[in-house]
Amino acid sequence: MNIYIHNSKVVLYASTFMIFSLIINSENALSNTNEIKASINGSGLKIPRMVSLKNSLSYMRSGPGKEFPVKFELKQKGYPLKVIAEFNNWRKVITSSKISGWIHTQLLSSFRTGLVTRTCFLKSIPSNSSNSIAKLLPNLLINVKKCNEEWCKIEIIKKKKYVGWVQKANIWGSTRN
């Protein structure tokens, strides 16, 4: 009699374990509610990606809508931003100094720009041993033309136009769009 009761308990515990396992696994298989969505009715483009500002004055808001307060003013046309989330026509972005907020898509461009992160040299070809064209200082805004594994071809337009190569590690915003 004791063996029968012991076997019944083992079957009951095993059945209960299997039922709970099925319930837990079926929820994970059928639902992605545990995953944070980076895009809700967004563009369908890859996230994260780099964009730049269209205007010389843009407002970064605390949420995706004009009813949300302005969190920060960005005052440099072409300033690079990293899109980290989307909600309809709003993009959650982050700056090189880790300030994040929401900007409307009409204020953004897919034109590739970047910021020099530390003092470095603009080279004539993608090689440390090549001739230096100019010395670049931190926070210099640049246009990113193309990148390979280690180097980016960039353009700087001041009083004169400079084109050359900089190591990718020295540029914030050098990732491919």
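Every number in this text was worked out from the coordinates using simple rules, so none of it is lab data. Here the structure is a predicted model, which means the values were calculated and not measured. For neighbour counting, all protein chains shown are included, and Cβ atoms are generated from backbone atoms with ideal geometry for every residue, glycine included.
In nm, what is the difference between 0.36 nm times the number of residues separating Lys135 and Asn88 and their Cα-Cα distance?
Full-extension gain reported as 12.7 nm.
Calculate, in nm to one decimal, what Ala38 and Glu150 gain on full extension: separation in residues at 0.36 nm each, minus their alpha carbon distance.
37.5 nm is the gain from fully extending Ala38 to Glu150.
When each pair of different Cα atoms in segment 114-172 is counted once in the 1/r mean, what is the Kirkwood radius in angstroms, to one decimal?
It is 11.0 Å.
With the crude spin-label approximation of a point 7 Å out along Cα→Cβ, what separation in nm comes out for Ser110 versus Ser96?
A separation of 2.4 nm, rounded to one decimal place.
Report the net charge of residues surrounding His104, where surrounding means a beta-carbon distance below 9 angstrom and charges are Lys +1, Arg +1, Asp -1, Glu -1.
+3
Give the cross-link partners of Lys160 among the lysines, using a straight C-alpha distance below 19 Å as the criterion and excluding same-chain residues fewer than 8 apart.
Lys77, Lys123, Lys135, Lys145
Enter the mean projected area of the convex hull around the alpha-carbon atoms of segment 76-145, in nm², rounded to one decimal. It would help to have the intermediate numbers written out before the result.
Numbers: hull surface 22.2 nm².
Mean shadow area of the hull around the Cα atoms is 5.6 nm².
Round to the nearest 0.05 the FRET efficiency obtained for Thr119 and Lys75 when R0 = 22 Å and r is the Cβ-Cβ distance.
The value I calculate is 0.40.
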